[in-house]
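Data block below; observations after.
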Amino acid sequence: MSSATPSEPLKPPLEIPDPATLAAEIVKALKYRDGKDAAVATKDDWLTASIQVVRDRIIDGWIASTKQDDDSGAKRVYYLSLEFLIGRLMRDAFSNLGFMEAMRAALGSLGVELDEIATLEPDAALGNGGLGRLAACFMESMATVDLPAHGYGIRYVNGMFRQEISDGWQVELPETWLDHGNPWEFERRERSSEIGFGGSVDAIVSADGQREQHVWKPQERVLAVAYDTPVVGWRGSRVNTLRLWSGMPIDPILLEAFNAGDHIGALRESNRADALSRVLYPADSSPAGQELRLRQEYFFSAASLQDIVRRHISRYGELRSLPDKAAIHLNDTHPAVAVAELMRLLMDVHGIDFDAAWDITKRTFAYTNHTLLPEALESWPVPLFERLLPRHMQIVYAINAQVLLEARMSGQFDDCQISRISLIEENSERRVRMGNLAFVGSHSVNGVSALHTQLMKETVFADLHRLYPTRVNNKTNGITPRRWLLQCNPGLTALAREAIGDRFFDDIDALRELDRLAEDAAFREKFAAVKRANKERLAALVATRLGVRLDPSALFDIQIKRIHEYKRQLLNIIEAVALYDQIRSHPERDWTARVKFFGGKAAPGYHNAKLIIKLANDVAKVINRDPSVRGLLKVVFVPNYNVSLAEMMIPAADLSEQISTAGMEASGTGNMKFALNGALTIGTLDGANVEISEHVGDDNIFIFGLTADEVTQRRSSGYNPRALIENTPELAQALAAISSGVFSPDDPARYRDLVSDLYDRDWFMVAADFDAYAATQRSVDAVWNDSPDWYAKAIRNVARMGWFSSDRTIREYANDIWNVPL
Ligand code: 26Q
């Protein structure tokens, strides 16, 4: 065991208040803010008061950061995202400010347990999954690396739905995170702006008589009200702002007076405004295509742009310097309409001509693509777009004319390629392609892993990439090590600190020093003990919530993510069934005890995803009750997977399942969180798995299956899953069991279609990868049974994951895209 090598942190630590001071502040907040006496305070009251105390201590830094940026005229980054999956914030703030232990002691002196009240904080689920969580990690990293940044989004009253499992089926319930108020947010009425919809466009002659000007006369107007949440960086270095917009009727009282006698009509107006920030669309692919979604996209894009433009004008008095002072980032195409909105503000409101406006726009915007799935690419029917945003439709046409002219002039494209470059899809129904709009309106278009960026260039954006060959670039995703190691895994953090000192708190690459300890038997044992304690915590949660008893010495194998066919939870479940068969037919063999955990939400309208949840639960019921498997295999579906549950499950994982069909997962970020917490990955060469494998080394990861190229090849050369299944007895047997109702005796036909699709089509190559997957799982067993080897690999994963910090990702964005060198 190496001795601790305490080292100086890179940034000076904050002054940490003593527990007695904090305790006094908490009691004071309780009394004077909430009107409560400590003697009658509930746990929720203690939570609110604790947040208020820490929040107060953030405010000075918040004001200082804003003032410093105003004074210095620094370029600011504006991150536009329809999702910010921030989860709970209290621990984040305590931990980043270095207050955790002082707060624990302060609360303890008042008879309150920090960990207990922390779990009462609602989990702010303002996002679907990876894209939303990435935005949250980026916000924290931007504050940490001292980058002036604002996040802009929507303050949904109902975030991602709460999932209950009833008789094995997913049931969606509304998520009401704001019910008890939100002590983190500040309402900024003075920062409200008016947003228009519909109406008509007048063309007039400009004041100087030189040009045609357009005036949009919206038929409907609503108010966007700002709510600000401070975002604290590591060691409190900088405090940035997350500004979320809420929809309000402009003047409900006046409106009611106007509509005297027509109360329902008056309410309709008010409801239309409220609806804009009522609910997050719970679909992470196959866009709903509903009018309300486009209204939300425009609402928050327009409100954010007004804010950005107002801030710029008030300081610089003009807009031509906007690209030097503002970098506006589009998190996927959801805010792509902002491109047309900025053009409108520049031309119609500020009298700038098209060419100059287009130049400013392109130099200001950058766009990140997060998916290649054709069904997830956003497009809106022209008639709908035109009715809701008539002026923007004209601007889209004008941009399109310019782009198509450039394409034709380049002489590189035939008519078919030109039609793919067009912002308007002309097939059956005319639609506005938001990906193309975001692409042409930005100076940078990035993918989120090396493989994904390569595929972007070869597939969806092949023609646009040929036209603008320097625009596409890669920025491999990352995760914040503060939340995803320091906070969620205090055991591992303490162990690492004891072994290599605390330099990794400030520089995560310093975890490298753990590498040599992989060979140290005593360290491996301590590492295993930390993992064991985390597993016991998870086992206790499963026992209370689900009444299933788990053995913490079994291999904990976890797949937690949105339920999607391309992510192939089905492959994992089928393998569980095959293993179940094997254990029963060969009870004499030396089987490895394993628990397969699943967690994740299905989009409410996604039939197969919901059926896969039911299948996981049906299979769990049969296997967990069967005495003949002697507890060697357990299957658990943990309901309502969210950020907080991730924070508890990831540190308890031995094996991380990242088994998407190669070429389909843009990056993945859960894969990074698991590896950083010492789980080994079983995965395909997809998304960021490729780069994880390069960093941890191929001896420390279990890679299997078809590559992206092989998937493409198979699909184009007559893939025959039926023949394949018939030649794979274990797979055929498992499928026969599922299909014939062994796991669904109450409805034997339940999984017939799900299985028959695997025989007939199998788009996601479950059958093609089954053998390789099952065989690799048996090598996982073999390594698991050689415990020193397993933990050596796990330690190497922790040691080598520093590169996947979102601090590194943000530095790359800042240097290469935003032009704010750090
Ligand atoms: C679009 C239009 C209408 C309604 C909903 C949507 C919608 C909403 C969310 C479409 C897509 C999403 C979310 C996508 C997402 O989370 N993608 C993931 O992004 C991660 C961060 O880059 C990657 O790691 C994942 O690979 C990718 O799947």
Looking at the stretch 83-100, is at least one residue in a strand (DSSP E or B), open to solvent by 10 Å² or more (accessible area, probe 1.4 Å) and within 16 Å of the ligand (Cβ to nearest atom)? yes
I need every pair where a residue in the stretch 555-571 that is under 12 Å from PHE637 (Cβ atoms) and modelled with pLDDT under 95 has its Cβ under 6 Å from the Cβ of a residue that is open to solvent by less than 20 Å² (accessible area, probe 1.4 Å) and not in a strand (DSSP E or B), sequence separation at least 6 or different chains. none
Within the stretch 607-697, which helices (runs of 4 or more DSSP H) (wholly inside it) include 2 or more residues that are more than 29 Å from ALA528 (Cβ to Cβ)? 607-625
If you check ALA772 against the conditions, is it of a type in the set (A, V, I, L, M, F, W, C), touching a residue at least 40 places away in the same chain (Cβ under 8 Å), part of a helix (DSSP H, G or I) and surrounded by fewer than 18 Cβ atoms within 10 Å (Cβ to Cβ)? yes
Listed residues ALA135, ALA125; which is within 16 Å of the ligand (Cβ to nearest atom), of a type in the set (Gly, Ala, Ser) and part of a helix (DSSP H, G or I)? ALA135
Count - residues of the stretch 336-358 that are in a helix (DSSP H, G or I) and within 16 Å of the ligand (Cβ to nearest atom): 2
Among LYS614, LYS601, LYS673, which is within 14 Å of the ligand (Cβ to nearest atom), in contact with a Phe, Trp or Tyr (Cβ under 6 Å, 6 or more places away or on another chain), over 24 Å from THR459 (Cβ atoms) and of a type outside the set (Val, Ile, Thr)? LYS673
Provide a single number: the residues in the stretch 21-73 that are part of a helix (DSSP H, G or I) and in contact with a helix residue (DSSP H, G or I) (Cβ under 9 Å, 6 or more places away or on another chain). 31
Please find, within the stretch 183-208, the residue that is surrounded by the fewest Cβ atoms within 10 Å (Cβ to Cβ) out of those that are part of a strand (DSSP E or B) and more than 30 Å from the chain's Cα centre (by Cα). GLU190
Among ALA510, ALA496, which is touching a residue at least 12 places away in the same chain (Cβ under 8 Å), out of contact with any Gly (no Cβ under 9 Å at 6 or more places or on another chain) and either closer than 30 Å to PRO323 by Cβ or among the small types (Gly, Ala, Ser) (or both)? ALA496
Please work out which residue is nearest to the ligand (Cβ to nearest atom), limiting yourself to the stretch 286-330 and to residues that are more than 15 Å from ARG191 (Cβ to Cβ) and among the basic types (Lys, Arg). ARG293
Within the set of pairs 6+ apart or on separate chains, which have a first residue in the stretch 443-455 that is in contact (Cβ under 8 Å) with a residue 60 or more places away in the chain, a second that is more than 14 Å from the ligand (Cβ to nearest atom) and in a helix (DSSP H, G or I), and C-beta atoms under 7 Å apart? HIS443/LYS362; HIS443/ARG363; SER444/ILE817; VAL445/PHE439; ASN446/ILE817
I'd like the full set of residues that are more than 16 Å from the ligand (Cβ to nearest atom) and buried (at least 21 other Cβ atoms within 10 Å of the Cβ), limited to the stretch 149-162. ALA149, HIS150, TYR152, ARG155
Residue selected from the stretch 439-478 under the condition of a type in the set (A, V, I, L, M) and in a helix (DSSP H, G or I), by the criterion farthest from the chain's Cα centre (by Cα): LEU467
Condition check for ARG391: buried (at least 22 other Cβ atoms within 10 Å of the Cβ) and either away from the ligand (no atom under 15 Å from the Cβ) or closer than 13 Å to MET343 by Cβ (or both): yes
Unmet criterion (only one of (1) in contact (Cβ under 8 Å) with a residue 60 or more places away in the chain; (2) open to solvent by 30 Å² or more (accessible area, probe 1.4 Å); (3) within 22 Å of the chain's Cα centre (by Cα)) for ARG483: (2)
Enumeration of residues in the stretch 734-760 that are of a type outside the set (Phe, Trp, Tyr), on the phi < 0 side of the Ramachandran plot and crowded, with 16+ Cβ neighbours inside 10 Å: ALA734, LEU735, ALA737, ILE738, SER739, VAL742, SER744, ARG750, LEU754, VAL755, ASP757, LEU758
Quick one: which residue in THR368, THR333, THR361 is away from the ligand (no atom under 16 Å from the Cβ) and crowded, with 24+ Cβ neighbours inside 10 Å? THR361
Here, helices (runs of 4 or more DSSP H) confined to the stretch 366-422 with at least 1 residues that are over 31 Å from the mean Cα position of the chain (by Cα), among the charged types (D, E, K, R) and more than 24 Å from LEU467 (Cα to Cα) are 382-388, 390-410
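The values are calculated or read from the model by the stated rules, or taken from the named source; none is laboratory data. Please read all numbers here as calculations on a predicted model, not as lab measurements. Please note: Cβ atoms are built from the backbone with ideal geometry, for glycine as well, and neighbour counts cover all protein chains shown. Please note that ligands, DNA and RNA were not included when accessible areas were found on the heavy atoms of the full protein model with its side chains. Shrake-Rupley method; radii C 1.70, N 1.55, O 1.52, S 1.80 Å.
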